[in-house]
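Since every read-out is calculated from the coordinates, none of them should be taken as a lab result. Quick caveat, the model's predicted, so the values are computed rather than measured. All Cβ positions, glycine included, derive from the backbone under ideal geometry; neighbour counts span all protein chains shown.
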Amino acid sequence: MSEVQYKNIKKNFGSVEVLKDINLKIGNQKFVVLLGPSGCGKTTLLRMTAGLESISSGDISIEGNVINNIHPRDRDIAMVFQNYALYPQMNVFDNIAFSLQIRKLDPQEIKKKVEWAASVLNLTEYLKRTPKELSGGQRQRVAMGRALVRDPKVFLFDEPLSNLDAKLRAHMRLEIRKLHNQQNATTIYVTHDQIEAMTMADEIVIMNGGIIEQIASPNDIYEKPNNLFVADFIGSPAINLINGEVTDKSSIKLKSQELPHQKNNLSPNQKVVYGIRPTDVKIVENSNVKAEVILVETTGSETHIIAMLDDNEFRVVQAGGRTSIKNGDKVSLEFDVSKAHTFDQITTKRID
């Protein structure tokens, strides 16, 4: 059981507190993504797990055993870095085999492990090539192969796809998830890319400013964000967020218009932030909510319509790449109120 647990983890760099009392349990064989903006502490937490950064206070344990003072090579962890970290003078075979050669395993066993990893990662025909003869995706697969042959309890990935183009990133997301499914090892994956998180994770840990904002499945993160930060961080295009005030009816008043809601626990005159995702709004023939179009963007499969709703920029996503709507048009908006969110303006927490 390769369960990883973090108890009261803190990390200081001088007077700067980078991680603030992190408590987290990662279940055996789970694929967990640490997601957040640059500087939130996710990579620091990963490097502490690998033993590449010291822990200021708290405990990290694997299978119930505290690993704080265990040397990185003895933690039974394999890490894949952002920059591949391959040896340029070695061919693919030797790059994959390096850690096994250092441990002085039998050459035949090494050969068997490397050939197996190469077959899993579709690298068999490249074993005699050097890194400079490979594409970015192939180099990343070599780095994964080097981790794979160690047969670790835990895989750590530190933004491994950030140097790849969009098409290759999509392909490598599939490769990494397939590898996880085949090996059934516990995987901890760091990224600031929400698409990677949403498509790959069993569970997402949203981090911000050295704390954990929310831990949940991708669907729950998207549909039930704990607070304004999570709601705004997850989703592309971003959620529409508008300040308003609760009326004594089932609506929230803006400057000159009112937006519908279905919440039963809002109080009259309460200051809230109304949130609704662009895909949960439709342009209809007539409704009580009006907006003026300022920009129309066509992506091919979708049309993004940006409009002004009172003084707020508001986005609507329509399926299909063609529309007769143009800049300056006045449009009527219909909301799927079952998917609307309200957040307290002061605490920023979601109001259920």
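The range 273-334 and the range 166-215 have Cα centres separated by 31 Å. For the range 240-246, putting each phi into the Karplus relation 6.51 cos²θ - 1.76 cosθ + 1.60 with θ = phi - 60° gives couplings of 7, 10, 9, 6, x, 9, 5 Hz, in residue order, rounded to whole numbers and with x for Gly and Pro. Phi-derived couplings, Karplus 6.51 cos²θ - 1.76 cosθ + 1.60 at θ = phi - 60°, listed residue by residue for the range 77-92: 10, 10, 10, 10, 8, 5, 9, 6, 6, 8, 7, x, 7, 9, 7, 4 Hz, with x used for Gly and Pro.
Under unit Cβ charges (Lys, Arg +1; Asp, Glu -1), what dipole magnitude, rounded to 20 debye, does the range 4-232 have relative to its Cα centre?
With only Lys, Arg, Asp and Glu charged at Cβ, the dipole is about 640 debye.
Label sites at Ser217 and Gln345, each approximated as a point 7 angstrom past Cα along Cα to Cβ, lie 3.6 nm apart. The fraction of Cα-Cα pairs per 10 angstrom bin, counted from 0 for the range 244-352, comes to 15, 45, 29, 11, 0 percent, rounded to whole percents. For the chain, the alpha-carbon coordinates run over 76, 47, 34 Å along the three principal axes, in decreasing order. Among the listed pairs Lys249/Lys349; Lys249/Lys326; Lys178/Lys263, those with a Cα-Cα distance over 32 Å are Lys249/Lys326; Lys178/Lys263. Given the options Met79, Met90, Met207, state which has the largest fluctuation in a GNM of the chain using a 10 Å cut-off (strictly under) for Cα springs. For the chain, modelled as a Gaussian network with Cα springs under 10 Å, the answer is Met90. Under 5 Å between amide hydrogens, built in the peptide plane, is the criterion, and for Ile67 it picks out Ile60, Ser61, Ile62 among residues at least 5 positions away or on other chains. Taking a threshold of 30 Å on the Cα-Cα distance, which of the pairs Lys153/Lys339; Lys20/Lys153; Lys42/Lys167 fall above it? Pairs exceeding 30 Å: Lys153/Lys339. Applying the Karplus relation 6.51 cos²θ - 1.76 cosθ + 1.60 with θ = phi - 60° to the range 59-64 yields 3J(HN,Hα) values of 10, 10, 10, 10, 6, x Hz, where x marks Gly and Pro.
Taking only the Cα atoms of the range 48-198, the ratio Rg/Rh comes out at 0.96, with Rh defined as the Kirkwood radius. Here the sum of -39500 (n - 2.57) over DSSP H runs of 4 or more residues, divided by the residues of the chain, equals -7000 deg cm²/dmol at 222 nm, to the nearest 500.
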